[in-house]
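Student: My questions all concern the structure below.
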Amino acid sequence: MSRAPFEHESPSGDLKSVLTLEQFIINQREHFPHATGAFSRLLRDVSVAAKIINHNIRRAGILDVLGETGEVNVQDERQKKLDEIADQELVRALRRGGECCLIGSEEQPETIPMSPDAQAQERYAVFFDPLDGSTNTDVNASVGTIFSVYTLPEGVRPDDALEVVLRPGAEQVAAGYVAYGSSTMFVFSTGNGVNGFTLDPGIGEFLLTHPDIQIPDQPARYSINEADIDDFSPELRDFLRWLKRKDPDTGRRIRSRYIGSFVSDFHRNLLTGGLYMYPATADHPEGKLRLMYEANPMAFLVEQAGGNATDGRRRILDINPEHLHQRTPLFIGSAALVEAADAFLQGRKTEVTGVQ
Ligand code: AHG
Ligand code: MN
Ligand code: MN
């Protein structure tokens with residue numbers, strides 16, 4: 001006896017879901033006060049830019065897009081051609097869409113006001129890391145795009161001073177990332193759970209494949225660049241020793257994974273459980289990752305998925321930003337592991353279960 005297909009299931013049976021990202025956003029409007037037509041168009045613009053970036057990345061070895069531009073960006077990092085392409089595509093998509101009044105990008109020295117006289121419909125500020133993990137592009141390892149969305153508070157103009165325009169991460173209205181991995185995924189939240197969409201290259205649409213993502217609490221993986229271990233504080237080294245102990249109940253040890261592409265490391269840990277760390281080091285005394293377009297959006301997502309994100313002391317989302325390119329130490333992932341890291345770093349390790 002044949003049965004009727006479930007809602008969003010493809011009648012042909014070969015697609016897991018036929019709920020597109022665009023349709024999902026329209027359906028979400030009833031749960032999300034900011035989900036006006038303008039907001040839907042904004043997310044569509046980001047997703048279109050993501051498809052174009054994806055197209056470039058997928059053909060990177062064939063097109064002349066690998067290697068460096070010869071330029072150094074505002075963070076003193078050598079810009080890759082793909083960094084520049086990704087930045088231009090995002091700026092172009094957001095400018096064309098017209099919903100956005102302010103942009104802040106890793107690849108641009110200053111914020112870019114789009115329309116200083118923005119009306120109510122155009123009050124979105126978007127911060128992004130156009131291409132994250134870009135040192136991985138030349139060796140065909142996975143990379144990503146990260147974005148963070150705010151609405152400017154009433155009375156604030158996009159060309160106002162930065163300390164007025166830049167808001168703590170807790171005020172984000174949406175955040176997400178695109179992971180260009182073995183498949184391309186668009187993962188985002190509007191503060192109502194986290195949902196993941198996989199690009200079907202055949203039809204050019206992101207389809208819902210990972211509804212309501214929750215980060216597992218079991219410590220499956222930890223991610224840190226241990227080459228810097230001599231620079232870590234004694235407390236952090238102590239925490240790492242604890243983290244690597246055999247679990248007294250299961251006899252199992254946590255595994256280590258570090259791609260060096262924050263989006264990919266974060267994505268894996270979000271799906272399988274784990275902890276990503278980028279502490280302060282001698283080379284990066286304030287941490288390496290940037291608050292506005294790396295730490296904040298991922299902190300928003302991880303909290304929506306039941307996890308935690310801190311700088312070792314404070315909740316990331318409570319930090320008051322001062323600069324567009326401000327850096328922060330970051331401990332992000334499964335709630336219990338972030339809490340244990342904070343306890344060690346703050347000299348409260350005896351509060352962690354099983355620590356003498
Ligand atoms: P970006 O490519 O946007 O500059 O970001 C690179 C970041 C992040 O993706 C990654 O986790 C980290 O740099 C890796 O740094 P290390 O090589 O110091 O581990
Ligand atoms: Mn990055
Ligand atoms: Mn980048």
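Read the figures in this text as sums done on the coordinates, not as results from a lab. The structure presented is a predicted model; accordingly, all values stated were derived computationally and were not measured. Cβ coordinates were reconstructed from backbone atoms using ideal geometry, including for glycine residues, and neighbour counts include every protein chain displayed.
Student: Ratio of the stretch 168-294's C-alpha Rg to 2.2 N^0.38 Å, to two decimals?
Tutor: Working: Rg = 16.8 Å, N = 127, 2.2 N^0.38 = 13.9 Å.
With N residues counted in the stretch 168-294, Rg over 2.2 N^0.38 Å equals 1.21.
Student: Here's something else I'd like to know. Debye sum, Cα scatterers, the stretch 302-356, no solvent: what log₁₀ I/I(0) at q = 0.20, 0.22, 0.28, 0.30 1/Å?
Tutor: Log10 of I(q)/I(0), two decimals: -0.73, -0.84, -1.09, -1.16.
Student: I would also like to ask the following. Along the principal axes of its C-alpha atoms, what lengths does the stretch 70-184 span, in descending order and rounded to whole Å?
Tutor: Rounded to whole Å, the extents work out to 47, 30, 27 Å.
Student: Another question about this same structure. Using R₀ = 25 Å, calculate the FRET efficiency as 1/(1 + (r/R₀)^6) where r is the Cβ-Cβ separation of Lys244 and Thr272; round to 0.05. Can you show the working numbers first?
Tutor: Numbers: r = 17 Å, r/R0 = 0.70.
So, using R0 = 25 Å, E works out to roughly 0.90.
Student: Another question, then. Give me Asp217, Asp87 ranked fewest to most by other Cβ atoms within 10 Å of their Cβ, as a rough exposure proxy. Mind dumping the intermediate values first?
Tutor: Numbers: Asp217 14, Asp87 24.
Going from least to most buried by this count: Asp217, Asp87.
Student: Using +1 at the C-beta of Lys and Arg and -1 at the C-beta of Asp and Glu, which of Gly61, Gln75, Leu94 has the Cα lying farthest in the positive direction of the dipole of the stretch 47-96?
Tutor: It is Leu94.
Student: Still on this model: Please report the equivalent ellipsoid semi-axes of the chain, computed as sqrt(5 x eigenvalue) of the Cα gyration tensor, largest first, in whole Å.
Tutor: Working: eigenvalues 194, 133, 90 Å².
Output for the chain: semi-axes of 31, 26, 21 Å.
Student: Something else about it: Using the scaling law 2.2 N^0.38 Å as the reference, what is the normalised Cα Rg of the stretch 6-210?
Tutor: Numbers: Rg = 17.4 Å, N = 205, 2.2 N^0.38 = 16.6 Å.
Rg over 2.2 N^0.38 Å, computed on Cα atoms: 1.04.
Student: Additional query: Sort out for me the Cα centre separation of the stretch 278-356 from the stretch 221-250, rounded to whole Å.
Tutor: 15 Å
Student: Also, I was wondering about something else. Before anything else, pin down the relative contact order of the chain: Cα pairs under 8 Å, at least 6 apart, normalised by residue count, whole percent. All intermediate terms of the calculation are to be shown ahead of the outcome.
Tutor: Values: 721 pairs, mean separation 52.3, N = 356.
After rounding, I find 15 percent.
Student: Let me ask something else. Taking every DSSP beta bridge that has both residues in the stretch 221-351, what percent is antiparallel when rounded to the nearest 5? Don't jump to the answer; show the numbers that get you there.
Tutor: Details: 9 of 15 bridges.
Here the share of antiparallel DSSP bridges comes out near 60 percent.
Student: Could you tell me whether the stretch 22-86 comes out rounded, prolate or oblate from its Cα gyration tensor? Rule is a ≥ b ≥ c as square roots of the eigenvalues, rounded for a/c under 1.5, then prolate if a/b exceeds b/c, otherwise oblate.
Tutor: Numbers: a/c = 5.09, a/b = 2.18, b/c = 2.34.
Because a/c hits 1.5 or more and a/b fails to exceed b/c, the stretch 22-86 counts as oblate.
Student: Projected area of the stretch 221-351, taken from the Cα convex hull and averaged over every viewing direction, in nm²?
Tutor: Values: hull surface 31.4 nm².
The number I arrive at for the stretch 221-351 is 7.8 nm².
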